[in-house]
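Here, each number is a calculation from the coordinates, and none is a lab measurement. Quick caveat, the model's predicted, so the values are computed rather than measured. Cβ placement follows ideal geometry from the backbone for every residue including glycine, while neighbour counts extend to all protein chains displayed.
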Amino acid sequence: MLRAMSSHDAPFRLSGDLPLHVEPGGDVTDVSTLRPWLDAHPEWVQERLVRHGALLFRGFGVATPADFESIARGVDPELKNEYLGTSPRDGLTDYVFNASELPEFYPIPQHCEMSFVKQPPRRVFFCCLVPPAEGSGETPLCDFRAVWRDLDEGVRERFLAGGLRIVRNYSGPGEGDDDDPMRLKPWHEMFLTTDHAEVERQCAEQGFEVTWTGGEGLRLVHTQPVTRDHPVTGETVWHNHLTTFHLGTPAAEYERIAKFRPTERHRGLHKLALGLEANARQKSALEQSMHVTYEDGREIPDADLDAVRDAVWRHLVVETWQQGDVVAIDNHAVSHGRLPYEGPRHVAVCWA
Ligand SMILES: [Fe+2]
């Protein structure tokens with residue numbers, strides 16, 4: 001049996017809180033020495049990962065998707081490759097994917113990966129293969145345990161009493177882009193089949209209600225709990241996709257991004273998103289590309305939505321990507337997102 005380790009037993013240089021920076025030290029200097037060290041010290045890895053919420057491995061010479069996969073397997077040997085998320089993704093190895101093909105101007109708000117499926121991933125990993133320009137394209141992290149603790153009692157009670165209902169509308173195979181830039185990828189790219197019965201089977205497994213809408217469109221409606229208990233520590237975690245799927249998300253995110261990085265581009269995108277949201281609000285909740293209401297279909301008050309968004313931004317950690325960085329995230333506790341960027345950027349993802 002492995003003995004429990006104190007921080008003094010690890011060879012690395014360690015610093016920071018979220019994420020805990022892990023840099024070469026002693027004999028552990030590159031992927032070929034890091035991997036066996038991780039394999040031999042699973043208790044140290046898991047204890048640090050849960051306590052901090054994320055580990056950033058920096059300076060280990062990670063250059064390829066295979067290097068990335070090797071480190072990820074050192075943290076969690078059980079990588080998965082089935083995916084019911086909403087970001088379009090391309091494979092780099094059997095288990096490593098491009099993080100997101102969503103347009104670079106689009107802000108990906110904080111979320112715990114696939115929080116809306118029955119068993120979300122326990123670990124999510126990112127690797128920076130090509131860093132974005134300084135001051136853009138970061139993958140911010142947020143401790144969703146802290147977000148829950150930070151919310152006012154009244155806000156928490158209204159969310160717990162109301163629950164969440166998520167609506168998503170997908171176009172189908174052969175249906176072209178319409179004029180909605182917030183449109184999700186076509187459903188056959190998410191389910192990897194064009195067979196309606198197979199889609200219905202996968203949805204039944206997850207408790208998603210399926211409606212085939214005019215032509216080849218697919219509507220998914222499902223509920224999800226507002227919080228989950230952390231499986232190791234028992235802490236209550238804000239663990240849902242409200243701030244990702246709500247129709248007010250793009251404008252609300254750009255508003256905060258434009259304050260964080262006041263540029264003409266961000267201000268322009270905020271204005272554009274406000275216009276698109278005003279248009280979208282002409283349609284019912286069920287017709288939105290994505291939307292979230294209380295379980296009974298009532299709209300969530302703007303003030304409560306803003307309370308959550310503000311709590312998320314108060315706890316946001318924005319770390320500049322360096323080439324070869326690998327981040328391991330405890331997906332039960334810590335969310336991730338992406339800030340807009342321009343120009344080259346290549347970040348890969350895998351999960352367990
Ligand atoms: Fe994600």
Length gained when the stretch S32-E104 is fully extended (0.36 nm per residue, less Cα-Cα span): 22.6 nm
Pairing the Cα long axis of helix 31-40 with the longest principal axis of the chain, what angle in degrees results, from 0 to 90 and rounded to the nearest 10? 90 degrees
GluC sites (Glu not before Pro) within region 102-152, DSSP loop, no more than 14 other Cβ atoms inside 10 Å: E134
Rounded, prolate or oblate (a/c below 1.5 giving rounded, otherwise prolate when a/b exceeds b/c) for region 230-352 by Cα gyration tensor: oblate
Fully extended, how many nm does the chain gain between R265 and L192 (0.36 nm per residue separation, minus their Cα-Cα distance)? 22.7 nm
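Roughly how big is region 140-225's charge dipole about its Cα centre, with Cβ charges of +1 (Lys, Arg) and -1 (Asp, Glu), in debye to the nearest 20?
380 debye
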The distance between the Cα centres of region 18-69 and region 117-171, in whole Å, is 24 Å
Loop sites in region 123-203: trypsin sites (Lys or Arg not before Pro), DSSP, at most 10 other Cβ within 10 Å: none
For the chain, with +1 on Lys and Arg beta carbons and -1 on Asp and Glu, the positive-most of A252, N331, A307 along the dipole: A307
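Could you give the semi-axes, largest first, of the ellipsoid that matches region 16-163, computed as the square roots of 5 times the alpha carbon gyration tensor eigenvalues and rounded to whole Å?
Semi-axes, largest first: 28, 20, 16 Å.
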Residue among H239, M190, Q206 farthest towards the positive dipole end of region 164-263, charges placed on Cβ: H239
Name the most mobile residue of V147, V232, V31, meaning the one with the largest mean-square fluctuation, in a Gaussian network model of the chain with Cα contacts below 10 Å. V232
Given a 10 angstrom Cα cut-off, can you work out which residue in Q202, Q224, Q323 is the most mobile in a GNM of the chain? Q202
Answer rounded, prolate or oblate for region 1-80, using the Cα gyration tensor with square roots of eigenvalues a ≥ b ≥ c: rounded when a/c is under 1.5, else prolate when a/b is larger than b/c, else oblate. rounded
Kirkwood Rh, region 116-220, all Cα pairs: how many Å? 17.6 Å
Positive end of the dipole of the chain, charges at C-beta (+1 Lys, Arg; -1 Asp, Glu), about the Cα centre: which of V221, Q46, V31 has its Cα farthest in that direction? Q46
Could you check how many percent of all C-alpha pairs in the chain are farther apart than 34 Å? 25 percent
Of D94, D67, D195, the one that fluctuates the most in a GNM where the chain has Cα springs shorter than 10 Å: D195
To the nearest 20 debye, the chain has a Cα-centred charge dipole, built from +1 on Lys and Arg Cβ and -1 on Asp and Glu Cβ, of 540 debye
What whole number of Å gives the distance from the Cα centroid of region 321-352 to the Cα centroid of region 282-310? 27 Å
Relative to the chain, whose Cα atoms define the longest principal axis, helix 302-314 and its Cα axis are tilted in degrees, nearest 10, by 20 degrees
Just in region 252-352: which GluC sites (Glu not before Pro) are loop by DSSP and have at most 15 other Cβ atoms within 10 Å? E295, E299, E342
